[in-house]
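Let me begin by presenting the structure, written as structure tokens, before commenting on it.
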Amino acid sequence: MTAAPTGIWDKIEYSSLGTTIAESTWMFPTIESIHVIALVTVLGTVFIVDLRMLGWTSNKFALTKVARDTLVWTWGAFILAAISGTLLWVSKASDYMHNPWFIAKMAAKGVASDPTLVPYEIIFDQSGGYWGSTSRRFTFSKEANLEMLRRLRRAGVKLGIGTDLVTDWYRYMPAPYLLEMQRFKEAGFTAPEVLAIATRQNAELLDMSDKIGTLTVGKLADVLIVNGRPDVTLDDITKVDVVIRNGTVVVENGRVSIPRHVPVPMPKANPTSDGLGSR
């Protein structure tokens, strides 16, 4: 009897799509051939433009024309390579992800990851795993997920901290977010590093580092003040004392603070109106 796949990468590999590609006598080699041809086309079209820039070939054509004529082929081949490469990866996901060279490639290409370990832990603790669903038929492992986080950290992959909570799980907050941060610490990060990931690095991943993520002049005045030292003890991040949102205090002394209502003057009557809905 074959053991049930464990871990997210096994789940992807043994999905209906991954199994179909891997077990087909023609799909994998066909997709692989398309992938290779697409990669060669990308490199070839780029090489043509480079040669023209150096003046070694196609000198009777303007550089702009050469670049314009090859651009559609470059992008078309790139998209085809990305799609075919993804299909190849799906068929051998666990092999690639357990391969340190694949993770190193993620780091080299600047591919970021937001592990979101917490929702899986909630499912483990409440249900013992995924049951009664063809798309979630395989079990995961807390330790396997944590080990993947350790490997991503060692490889230098840029990480974010999030929870990906579903249904009414937001009611558990702030415990899920704290747990996610604690798992990062278990993976080898220090408390200050975890805080930096949860703030500055998260903002960078969202492409919003010009607005949030650090206390910097010119950024949004969103500030969280806690009664403790979360840089020493992460648990202190839940001891919220003051919250400032867009320059306005919304939590004070740990209690929600509703600012006094400032009325806006009503608009003056339009002198061109007769008050009867017509002009």
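Observations on the structure shown:
- The residue of the range 197-223 that is surrounded by the most Cβ atoms within 10 Å (Cβ to Cβ), among those that are over 18 Å from VAL240 (Cα atoms) and small (Gly, Ala, Ser), is ALA203.
Yes or no, residue by residue, for (1) within 21 Å of the chain's Cα centre (by Cα); (2) surrounded by 13 or more Cβ atoms within 10 Å (Cβ to Cβ); (3) modelled with pLDDT of 90 or more; (4) within 23 Å of MET208 (Cβ to Cβ):
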residue: ILE103; (1), (2), (3), (4): yes, yes, no, no
residue: ALA107; (1), (2), (3), (4): yes, yes, no, yes
residue: THR116; (1), (2), (3), (4): yes, yes, yes, yes
residue: GLY129; (1), (2), (3), (4): no, yes, no, no
residue: GLY132; (1), (2), (3), (4): no, no, no, no
residue: GLY162; (1), (2), (3), (4): yes, yes, yes, yes
residue: ARG171; (1), (2), (3), (4): no, no, yes, no
residue: PRO176; (1), (2), (3), (4): yes, yes, yes, yes
residue: MET181; (1), (2), (3), (4): yes, yes, yes, yes
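- Exactly one residue out of GLU193, GLU147, GLU204 is modelled with pLDDT under 95, more than 15 Å from PRO119 (Cβ to Cβ), outside any loop (DSSP other than H, G, I, E, B) and not basic (Lys, Arg), and it is GLU147.
- Some residue of the range 167-178 being touching an Asp or Glu at 6+ places or on another chain (Cβ under 8 Å) and closer than 21 Å to MET148 by Cβ: yes
- Listed by first and then second residue, the pairs linking a residue in the range 28-50 that is more than 20 Å from LYS92 (Cβ to Cβ) to a residue that is modelled with pLDDT under 95 and hydroxyl-bearing (Ser, Thr, Tyr), with Cβ atoms under 6 Å apart and 6 or more places separating them unless they lie on different chains, are VAL42/THR74; THR45/THR70; THR45/THR74; ILE48/THR70; VAL49/THR70.
- Among the candidates ALA62, ALA93, ALA82, residue that is of a type in the set (A, V, I, L, M, F, W, C), surrounded by fewer than 16 Cβ atoms within 10 Å (Cβ to Cβ) and closer than 30 Å to ASP164 by Cα: ALA82
- Taking strands (runs of 3 or more DSSP E) as the structural unit, those lying wholly within the range 213-261 and holding at least 1 residues that are closer than 19 Å to ILE161 by Cβ correspond to 223-226, 240-245.
- The test for being farther than 20 Å from GLY18 by Cα and among the hydroxyl-bearing types (Ser, Thr, Tyr) holds for THR57.
The values are calculated or read from the model by the stated rules, or taken from the named source; none is laboratory data. Remember, predicted model here, so these are calculated numbers, not experimental data. Cβ: placed from backbone, ideal geometry, glycine included. Neighbour counts: every protein chain shown.
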